[in-house]
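Report on the following structure.
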Amino acid sequence: MNPKGKDSRNNNGKRWGNRFIDKRNWKIYNEELVVRGEFLLPIDMFDNWYEELDKMNEGKKGRPYEFPESFIKIQAVWHQQWVDYRGLEGIASSLERLCLIPYHDDYTTIWHRVHGMRPEIKLLTYEVEAGSDGTGFKTGNAGEYRTYVYGNLRRKYVKVIITEDVRTKKLLAVDVKIGEVSEPKVAAKHIELLKEKGIKLKKFYGDGAYDTNEIFNVIGDAESAIKIRKNATTYRCRGSMRRRQEVS
């Protein structure tokens, strides 16, 4: 549809392309938008204000916490929605006037608590098909002049290795390294992390760089979609019966 609400047609009066058919379930979509709004202000979390503080301050040395972690987390969410720290103090003050919270935090407290938070990736709680890959870039490039004056210096690289659910495209783990790094070793650490969280690895995807004994040992009984190297032989598979089977 064009801005005037008419079908787009050519000079001969024929319509261009296929007519768009909206197959969205608007009822479900509307409910999702409502839930999104409830997420930004979960009123029920204020019911356990003092109980959460008691748990946080149990055995704590020094000055006790005055504001529960759940409240600080929701303030961090509001901050990500482009509300500055003084604006967060104003929101907290309004919640106090509405008697939703017993007292509000100030700008300084909000800044220190939000900056002190350590974000974490909540991993999925079911079996996943995971894939790992890495990419990198140089930390500096001074051009040919530096090479002419100082010789061919070896530059450091910043490398990022991620592991994700290949079906849902959700991030499972990420590592950032400087200098030489082994992608398979980092991927193996990510797989171990999944196991620690009780997540079953159904299948693992990787390119030829992940064709190593370590990777095949850590994936265990999971299916593999790893590209076997052209020069791979069973002789070099000592230490991994699983890789020997894959090469064969």
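The values are calculated or read from the model by the stated rules, or taken from the named source; none is laboratory data. Computed from a prediction, not measured in an experiment: that's the story for all the values here. Glycine also receives a Cβ, built like all others from the backbone with ideal geometry; neighbour counts cover every protein chain displayed.
Counting only residues that are assigned to a loop (DSSP other than H, G, I, E, B), surrounded by 12 or more Cβ atoms within 10 Å (Cβ to Cβ) and among the charged types (D, E, K, R), the range 168-186 holds 1 of them.
When Thr234 is tested against (1) exposed (fewer than 13 other Cβ atoms within 10 Å of the Cβ); (2) in contact with a Cys (Cβ under 9 Å, 6 or more places away or on another chain), exactly one condition is not met: (2). Checked against (1) of a type in the set (A, V, I, L, M, F, W, C); (2) surrounded by 13 or more Cβ atoms within 10 Å (Cβ to Cβ); (3) more than 27 Å from the chain's Cα centre (by Cα), Ala76 meets all criteria but (3). Hey, any hits in the range 64-71 for a residue that's surrounded by 10 or more Cβ atoms within 10 Å (Cβ to Cβ), part of a loop (DSSP other than H, G, I, E, B) and either in the same structural domain as Lys170 (by TED's automatic domain parsing) or more than 29 Å from the chain's Cα centre (by Cα) (or both)? Among the residues of the range 64-71, at least one is surrounded by 10 or more Cβ atoms within 10 Å (Cβ to Cβ), part of a loop (DSSP other than H, G, I, E, B) and either in the same structural domain as Lys170 (by TED's automatic domain parsing) or more than 29 Å from the chain's Cα centre (by Cα) (or both), which makes the answer yes. Within the range 196-208, residues that are acidic (Asp, Glu) sit with their Cβ atoms under 8 Å from residues that are assigned to a strand (DSSP E or B) and surrounded by fewer than 18 Cβ atoms within 10 Å (Cβ to Cβ), at 6+ positions apart or across chains, in these pairs: Asp207/Asp133. For the residues Glu38, Glu51, Glu89, the requirement of being part of a helix (DSSP H, G or I) and surrounded by 15 or more Cβ atoms within 10 Å (Cβ to Cβ) singles out Glu89. The single residue among Gly90, Gly59 that is at pLDDT 95 or above and either under 28 Å from the mean Cα position of the chain (by Cα) or of a type outside the set (S, T, N, Q) (or both) turns out to be Gly90.
Within the range 96-120, the only residue that satisfies the criterion of being surrounded by 12 or more Cβ atoms within 10 Å (Cβ to Cβ), part of a helix (DSSP H, G or I) and more than 31 Å from the chain's Cα centre (by Cα) is Glu96. Within the range 187-200, the set of residues being crowded, with 19+ Cβ neighbours inside 10 Å and touching a helix residue (DSSP H, G or I) at 6+ places or on another chain (Cβ under 8 Å) comprises Ala187, Ala188, Ile191. Per the conditions (1) of a type in the set (Val, Ile, Thr); (2) modelled with pLDDT under 90; (3) part of a helix (DSSP H, G or I), the sole criterion not satisfied by Thr125 is (3). Criterion applied to Ala225, Ala232, Ala209 was being assigned to a helix (DSSP H, G or I) and either of a type in the set (Gly, Ala, Ser) or under 23 Å from the mean Cα position of the chain (by Cα) (or both), and the one residue passing it is Ala209.
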